[in-house]
Amino acid sequence: MKLSRRDFLTAAGAGTVGALAEGAWGATQSTEPITSVDNPLKSYPNRDWEQVYHDIYAYDEVDWTVCHPNCTQSCALNFYMKNGVPIRAEQVYHNEEPSVGPSGYEDAGVSQHWNPRGCMKGLSLHRRTFEPSRIKYPMVRKGWDPEDPNPEGRGEDEFERVSWDEAIDLIAEKMANLEDNKRFHIFNAIKADGLFTRHGSGRRLASIFGGCEWTEYDWYADLPPGHVITTGYQTSDSDAVAWRKADYTIIQGKNLIHNKLADNHFLQETRERGGKMVGVYPDYSPTVQKCDRWLPIRPGSDPAFALGMAHVIMAEELYDAEFMRKFTSLPLLIREDTGKYLRAHEVFEDVEPPAEDIDEQHEHNDWGDFVVLGEDGQPVAMTREEVGEEMPTTPQLDVDSEVALTDGSTVAVRSDFARQRDNIIENYDPETVEDITTIPADKLAQTAREFADAEKGQWFTGEGINHWFHSNDALQRAVFLVQAMLGNIGDAGQGYYNYSGQYKIELLDGYPHYVNPDGNAAHGMYPGYAFAFFGGEKLDPHEIRGDFDREMDLVPQGDAEEPVMPENAGSYTMSKPSILWTMNCNLLNQTKHQEHVIENFVKHPDTENDLFIVSDMHMTYSARHADIVLPVPSWLECEYPDITIGPENPFVQMDHGVMDPIYDTKQDGEAVAMVAEKLDEKIPPEERNVDSYRAYFEEFLEEDGDVKNYIQETFDRGMTTQSIDVEDLEDGPERLDLKTYPRIPFYSQVHEDRPFYTKTGRMEFHKEEDRFIELGRDDIDHVESVEGTPYGVNKKWDEAKDEENPLYHDEGNQFYYNTPHPKYRTHSSWGMTDWNLIWASRDFGSVSGDPEGTDRLVDDFSFPTGDGESEDVAPLGEAFVEMHPSDAADIDVENGDYVRITGKRGDLVVRAMVSERQRPRSAGDMGQLTLWHGWWPQHFPDDEADEDGVKGYNTITNIWLDPLQETDDLVHKAVFGDPNVSDIVDEDIAWHGAELEHGYEETVWAPTGTNRDDLVDVEKYEEADWWPGDARRDDLVEDYIGGSLQPSGSGSGSTSRKTPGGDD
C-alpha cells in the first residue's frame, strides 16, 4: 500500500489514523529499529539525511523590516529570503553601527535591552502574506450602482473584478458629486504607523477635500478619558524601560504579560530588582501569575478599589502634602453653592475678571484666577501659572470655611482636598469597598500601606477597563488622586500608564505638516454617532447614554435632524457618512452592537451610507460587505517606505518591502493619489477646496517622485525629529529627540514648574464643568454600571446597594461578558493565519482533531473572488468561550460542548472551554465568560434557530455614549506639541508647544466605545461530538508523544479510537 501525504492527512482528519496500521503505515510502526546506536557521540551511521532539513532552512539573502500592528510595540525583524520569497523570520538586534545613533546603542544612550524584539505575530508575518484570504485585485459589488447603491445586497452579492482605473474613477465620481464634502469620511487615518504612504494619506485627502475622519483610538475605547479630565493630557505613558525602576507596581485589568510581548520583560525586571507587584483582576490572568498578590475584583467595580486605597492613605495621613499643594487642585477653594472654583475677582477688587463669554475665555486661555487659603488663614489669589516653586504662598489643604466676597456677602467654601476626603472617608472604607468589589478589606489596606511606603510606585490600567461606562473615567481619576497624594508623578518608575494602541502621534510633532497641509484639517467625527443615528432604525439617544428616566435635554445637530445630542456639544461633528472609506481596519468585525450596525447602517435601504470602500490585505468581514474593495500589499510587499513610532519606546523606525507583490495591489497612498488626480479632472477649479488635489500627492504620481521627501519635510518641521535624516532609517531605528530618557510624562510640570494642561494649571480632581455637575460626577465616586451589575444601575453605591437590577435578578443574566485582546492576534489581524489560528485555538476546531465539529464551519470558510466564485479554505480554528467549572456544571456542560450566550442585543453559539481561571458566580454576584477578541465570523457555528443571523463576538455588546464625555467646556492639550520635548520652539516647527484646546478632538477628548456593560446568560446548546485532546488519544499519536514510533505492545500495529469523555 502506498500512503500519500494526502491519505495520511485525510485519515488524521477523520480520526482514523489507526486504521492505516494494517497497511503501509502499520508496517512502518511495527518495524524494528534498523540500526542500534549505543553512543551517538562516539560514532554514528550515515548522516546524509540531515542535509534534507539543512536545505529547508537555506536562504539566499536577508532583509529586514518592521512589524507594527496596533499593539504599541513596533519590532524590527530579519526575513530570510529564498528565490525572492521570505521563508522565515527572526528578531533583529540592531546593535551595530550605524543603527540607533552613530555607533549603536551605547552612543545613543539607551539600553541594549530594547532588543531583540518581536512575537509570534511578527514571526508569522510571511505566512500572513500568503494567506488564501488575501484580496488579489480591485473588485466592485455587482449589486452596487452609483445611482442605486442597493445596500440590501451587501454581504450577499457577488463581486466583479475591475481595473484600478475603473475602481478609482467610481470613487472620484461619487466624491465629486457630493452635496457636502464633509460627507466624505475616512476611518483609521491618524495613528502612529502607516503615517505617510498608507492610511495617513487618507487623512491628508480628507483634510484637503474638507471631509471627516474617524479614529479607532476613541471608538475602540482605547482612549482613557480620565487622563484628560485630570491632567488635560491625552495619555500619560512612559517608555517601557522606565517600568523596571519602580519599587511597587499595581496592575489593574491590564494583561500586559500577554499583550506586550516585546517589552513585558521590563515589568518583570522590577521583581528581579526586589520590587513588588499586585494584580487586580476578576480572573486569574497570565499577568496575575507574575504578581506577588492577586486581588480578585467584581467586574465593573474598579473605581471603588482605587477609592478604598485613597481612604487608607487619607485616614492614616500617608500622603505627600507638599506635592499636593504644589501640583494639584486639592488646595483650591470651591464654592459650596455652585460647585465652581472660587475666582480671585470675586474676592479681590483689584483682580480683573475673565471674559463673561465662555468662548472668549477659551480663546484667550483665561478662565480667571483661583483662590487658596494661606498659612495665616487669609485668602490668596493663585494664577494657573503659579505652580510648584512659583506659588505665592504655602496654601492650606484642609479648608472648610467662609470667604467674604467683594459684593459684601460671604460664601461657604471647602478646599478640593476637603471635598474629596469627606466623601471618600464616609463612603469608601475598606469594609464597604469589600462589599462593592469582593476584595478582602485587610488585603486592600495592606496594599495601600505598602504602596504608600514605596519609594517609587507605578500603576497600570488597560483598555479592558476603559471599555466600562464609568470605569473609563472614575477609576482613572481615582488612580491619579492616589498617585498625586503619594507624589508618584514626574519620575521614572512613577506614574499612571495605559498603553492601548499606536496613538502617540504627538511624538512626531511635525506630522500636521503632512496630514493638515496649508491649514486644511479634516473634521473629526466619532464613529458611534454614525452607527447609532445615520442608519435605518436609530438607537434611542437616551437609552444608550444611560438616561433611562429621559431627563437629559437633547438637540438636533449637523445632519442629525432629530434631537440626538446633549446641549453644549457643538464641537462634536454630526455628518452623514455618504462615502465611508476604511483603511487597515476590519471595522464591521470590531464594531459594538454588531447586529444593529449590519442590519441598519450597512444593509438597511434607508441607510445614509451610499458607498462603502474597504482597503485591506484580506477579505475580512468588512470587505465582504463593501461596495468597492481595494487590495493593499502586505507589509513585506510595500513599494513605498513608511515610518512608525509607539508609546512604549523612544524610536522612530522605517519599514519597507522585502519582496515583490504577488497580487495586483497598491498602497493606500498610491490609491489616494490616483483619486486626487481624478478629482482634479472631475471638479472645476472654482469648486475645489484647494487649487489642486493632485498637487498634494505628486511624490506618488511623478516618475521621479520620492515619498521619502514627505517624511523628511515632516521630520524637519518637528522638535523631536529635526536632527534625523530619513536615509539613516534604512539602517535601523533612530532615537527621538526627547527631553528625558526614558520619556517621563509630566517631567516639566514637576521639575520645571510648568502648568498642567487644565484650567487651573494643576491636576484637577474636582471638575466644575456644567456637565459634570449636572450628572453628579463633579467629585470622584464609584457609580454602578448602566447594565452590568446586580445592583441599581447607574447609581452611586449608597443608593445602588439596596436595589436590584431586573436583568440580573428577574431575567437571569448573571454573567459578565469579557472580550479581552488575544495573544496571537492584534484585533482581527492574523485572524486567518494558519499558525496563529492553531495557537489561538488551543486544539479547538483543529481539522485533524475535530472533523465532525468543524464540518459545521466549512461552508463559511470561503472568500469571494471577482469572478462570482469563491475560494475555499480549510478551517483551522474555532472560537471558544472560557467559563468556570462550577458554572459549567450548573448547566451540564463539559469541556468542548457548545453553549448559547444570550444578551439584550443578540446571542451567539460557541464552544465552551472549562477553565479554573475564570471568575465563578459563587465568588460574589457575577460570573465571568471570556471570549477572546478578534475572532472572525467564520470561526463561529450557525445557530439553528437563526442560521442567517449575524455571527460574531460583538453581537452581544452595545454602543454606549457617556454624556460626561460630550461637552465643549473641558480644556485639554491639543494632540500635537509637548513642552516636555524642548524649551525652544523654532518658527518653522509645525505645531508650537502645548496649545490648549477645548471640546471634541479626535484621539484626545471624545466619547469612548464602551462595550463591557453587558450582562448575559449562558445555556447548553449541544453536546460535543468531539472533545479537546481526542486527536491525541490515538495510540499512534500517544506513541509519538511518548517519544517513539515503535509499538509498545505486541507490535500488531492496530489502533482503535477511544470513546470521548471516557475514564482516561
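For this structure, a couple of remarks:
- Thr573 passes every criterion in (1) under 24 Å from the mean Cα position of the chain (by Cα); (2) surrounded by fewer than 24 Cβ atoms within 10 Å (Cβ to Cβ); (3) modelled with pLDDT under 95 apart from (3).
- Put simply, of Gly646, Gly669, Gly657 the only residue that is of a type outside the set (D, E, K, R) and under 29 Å from Asn181 (Cα atoms) is Gly669.
- Phe209 under 26 Å from Leu961 (Cβ atoms) and in contact with a helix residue (DSSP H, G or I) (Cβ under 8 Å, 6 or more places away or on another chain): no
- Looking only at residues in region 763-796 that are assigned to a loop (DSSP other than H, G, I, E, B) and in contact with a Pro (Cβ under 8 Å, 6 or more places away or on another chain), the one that is surrounded by the fewest Cβ atoms within 10 Å (Cβ to Cβ) is Leu775.
- With a requirement of 1 or more residues that are touching a residue at least 12 places away in the same chain (Cβ under 8 Å) and farther than 30 Å from Ile257 by Cα, the strands (runs of 3 or more DSSP E) lying completely within region 490-578 that satisfy it span 554-557, 560-566.
- Per-region count, region 719-762, residues in contact with a Pro (Cβ under 6 Å, 6 or more places away or on another chain) and either on the phi > 0 side of the Ramachandran plot or not in a loop (DSSP other than H, G, I, E, B) (or both): 4
- Pair list, Cβ under 8 Å, 6 or more apart: region 318-341 residue closer than 14 Å to Gln420 by Cα, other residue polar (S, T, N, Q) and assigned to a helix (DSSP H, G or I): Leu330/Gln420
- Selection status of Ala355, of a type outside the set (Asp, Glu), at pLDDT below 95 and more than 21 Å from Arg754 (Cβ to Cβ): yes
- Qualifying residue in region 991-1003 (condition: closer than 30 Å to Thr438 by Cβ, of a type outside the set (A, V, I, L, M, F, W, C) and modelled with pLDDT of 80 or more): no
- Of the strands (runs of 3 or more DSSP E) lying entirely inside region 276-344, the ones with 1 or more residues being touching a His at 6+ places or on another chain (Cβ under 7 Å) and either within 24 Å of Asp429 (Cα to Cα) or modelled with pLDDT of 95 or more (or both) are found at 333-335.
The rows are residues; the columns are (1) of a type in the set (D, E, K, R); (2) modelled with pLDDT under 95; (3) part of a loop (DSSP other than H, G, I, E, B).
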{"position": "Asn78", "(1), (2), (3)": "no, yes, no"}
{"position": "Arg88", "(1), (2), (3)": "yes, yes, no"}
{"position": "Val100", "(1), (2), (3)": "no, yes, yes"}
{"position": "Val110", "(1), (2), (3)": "no, yes, yes"}
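- From the options Asp63, Asp55, Asp48, residue that is at pLDDT 65 or above, acidic (Asp, Glu), exposed (fewer than 10 other Cβ atoms within 10 Å of the Cβ) and not in a helix (DSSP H, G or I): Asp48
- Among residues of region 270-300 being touching a residue at least 60 places away in the same chain (Cβ under 8 Å) and of a type in the set (D, E, K, R), the one that is nearest to Pro790 (Cα to Cα) is Arg298.
- Selected residue (criterion: surrounded by the most Cβ atoms within 10 Å (Cβ to Cβ)) from residues of region 245-264 that are under 16 Å from Pro742 (Cα atoms) and modelled with pLDDT of 95 or more: Ala246
- Inside region 1004-1033, residues that are basic (Lys, Arg), farther than 29 Å from Glu216 by Cα and at pLDDT 70 or above make up a count of 1.
- Which numbered condition Glu804 fails, given (1) assigned to a loop (DSSP other than H, G, I, E, B); (2) modelled with pLDDT under 90: (2)
- Evaluating Ser163 against the criteria (1) buried (at least 16 other Cβ atoms within 10 Å of the Cβ); (2) modelled with pLDDT of 95 or more leaves one unmet condition, (1).
- The conditions of being aliphatic (A, V, I, L, M), surrounded by fewer than 24 Cβ atoms within 10 Å (Cβ to Cβ) and modelled with pLDDT of 90 or more are met by Leu267.
- Leu481 surrounded by 24 or more Cβ atoms within 10 Å (Cβ to Cβ) and within 30 Å of Asp753 (Cβ to Cβ): yes
- Residues (in contact (Cβ under 8 Å) with a residue 40 or more places away in the chain and touching a Gly at 6+ places or on another chain (Cβ under 9 Å)) located in region 154-177: Arg154, Glu158, Phe159, Glu160, Arg161, Val162, Met175
- For the condition touching a helix residue (DSSP H, G or I) at 6+ places or on another chain (Cβ under 7 Å), at pLDDT 95 or above and surrounded by 16 or more Cβ atoms within 10 Å (Cβ to Cβ), Asp887 qualifies.
- Condition met for Asn520 (under 30 Å from Met719 (Cβ atoms) and at pLDDT 95 or above): yes
- Checking each residue in region 352-410 for being surrounded by fewer than 13 Cβ atoms within 10 Å (Cβ to Cβ) and within 18 Å of His998 (Cα to Cα) picks out Glu356, Asp357, Asp359, Glu360, Glu363, His364.
- Flag if Tyr824 is under 18 Å from Phe469 (Cα atoms) and either at pLDDT below 95 or in a loop (DSSP other than H, G, I, E, B) (or both): no
The values are calculated or read from the model by the stated rules, or taken from the named source; none is laboratory data. Note that the coordinates shown come from a computational prediction; the quantities given were computed from them, not determined experimentally. FYI the Cβ positions are ideal-geometry reconstructions off the backbone, even for glycines, and counts take in every protein chain you see.
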